[in-house]
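The values are calculated or read from the model by the stated rules, or taken from the named source; none is laboratory data. Just so it is clear, the structure is predicted and the values come from calculations on it, not from any experiment. Every residue, glycine among them, receives a Cβ derived from its backbone with ideal geometry; neighbour counts consider all protein chains shown.
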Amino acid sequence: MLPLVALVGRPNVGKSTLFNAFTRTRDALVHDQPGVTRDRNYGVCRLDEDHPFLVVDTGGIAGEEEGLAGATARQARAAAAEADLILFVVDAREGPMDDEILSWLRRLARPTLLLINKIDGMNEDTVRSEFARYGFSEMLTVSAAHRQGLDDLLDEVVERLPEEGTTETLDTDP
């Protein structure tokens, strides 16, 4: 069984772009309009060929519990609950607006990394200080669209993952 990494966050923070970068595919739809990703989308990351892992792209959690937005949020929560590691993806340009998701992740009590995306063109120290109130001992910064910081992110993910995951095995042949 490969370990599983779940990409979780609000709509349009860059989860699908990260998924495509991890899997070297364009399997996840990327669009400026929120709500394009609705179901869980699984793929295999082989960027570190000695440590492959499953990655799951999820729809954005928007705080709504009814209708399509609620169903999308439930899919994201299910993915996080089965993950060996959660990447809590936030948008550097929007600032810390994710308190509700953060509270839920703390109750879930799964290993979680704070990943600040869309850092390109921004003062990294300023952005880090804005997100410091979330209380993470480490924050990773990337620009998924420009592949900035992805090598450091991959190193950190691989370091934190177990050798084998807790999820059922998916077909991992390319």
Apart from one, (1) exposed (fewer than 14 other Cβ atoms within 10 Å of the Cβ); (2) among the polar types (S, T, N, Q); (3) touching a Lys or Arg at 6+ places or on another chain (Cβ under 9 Å) all hold for residue 112; the odd one out is (1)
Kindly indicate whether any position in the stretch 80-92 is among the β-branched types (Val, Ile, Thr), at pLDDT below 85 and surrounded by 15 or more Cβ atoms within 10 Å (Cβ to Cβ).
no
Breaking point among (1) loosely packed, with under 12 Cβ neighbours inside 10 Å; (2) in a strand (DSSP E or B), for residue 163
(2)
Quick check, is residue 63 on the phi > 0 side of the Ramachandran plot, at pLDDT below 90 and surrounded by fewer than 16 Cβ atoms within 10 Å (Cβ to Cβ)?
yes
Exactly one of (1) surrounded by 13 or more Cβ atoms within 10 Å (Cβ to Cβ); (2) within 14 Å of residue 8 (Cα to Cα) is unmet by residue 100. Its number?
(1)
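Based on what the data block shows, is residue 129 assigned to a loop (DSSP other than H, G, I, E, B), exposed (fewer than 14 other Cβ atoms within 10 Å of the Cβ) and more than 16 Å from the chain's Cα centre (by Cα)?
Values: assigned to a loop (DSSP other than H, G, I, E, B): no; exposed (fewer than 14 other Cβ atoms within 10 Å of the Cβ): yes; more than 16 Å from the chain's Cα centre (by Cα): yes.
No, not satisfied.
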Step by step: first the residues of the stretch 81-101, then only those that are of a type in the set (A, V, I, L, M) and in contact with a helix residue (DSSP H, G or I) (Cβ under 6 Å, 6 or more places away or on another chain), then the one that is farthest from residue 54 (Cα to Cα). Which residue is that?
92
